[in-house]
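What follows is calculated from the coordinates using simple rules that are stated; it is not laboratory data. Just so you know, these numbers come straight off a predicted model, no measurement behind them. Because the Cβ atoms are built from the backbone with ideal geometry, glycine has one as well, and the counts that use them run over all protein chains shown.
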Amino acid sequence: MVSVVHMQNGLKVIRCKAAVSWESNKPLVIEDIEVAPPQDNEVRIKIVATAVCHSDLYQLFENKHKDGFPTVLGHEAAGIVESVGPGVTEYRP
């Protein structure tokens, strides 16, 4: 479920559920996170389904996550365009 938390520069900050990795070799934690509105040339997607692939597992279990922790894994997602930032012309919510 997605809900509007507040507005930021006239755009919605949303709250949704995510599987968060707080450290290597520990279980993922399902929790509420806030997602900022899309910036210039960004698209925010409402995720319908996602998968965890071998590179996610490598980062999680081998402590090789390039961006550090906490992190939300999963770059193999399918979803619906929820909102677009300034400059996006090819996609619409």
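With the crude spin-label approximation of a point 7 Å out along Cα→Cβ, what separation in nm comes out for V13 versus I33?
Going by the 7 Å Cα→Cβ label model, 1.6 nm.
Please compute the Cα-Cα pair-distance distribution of the chain with 10 Å bins starting at 0, giving whole percents from short to long.
15, 41, 33, 11, 0
What is the magnitude of the charge dipole of the chain about its Cα centre, with +1 placed on the Cβ of each Lys and Arg, -1 on the Cβ of each Asp and Glu, and no other charges, expressed in debye to the nearest 20?
Values: 9 positive and 12 negative charges, 38 e Å.
So the magnitude is around 180 debye.
Cα-based count: Lys pairs in the chain below 27 Å, eight or more positions apart or different chains?
Pairs that pass both the separation and distance tests number 9.
Any idea what the relative contact order of region 3-84 is, in percent, if you count C-alpha pairs under 8 Å spaced at least 6 apart?
Numbers: 144 pairs, mean separation 26.5, N = 82.
It rounds to 32 percent for region 3-84.
Quickly work out the F61-to-D40 label distance, labels modelled 7 Å from Cα along the C-beta direction, and quote it in nm with one decimal.
4.2
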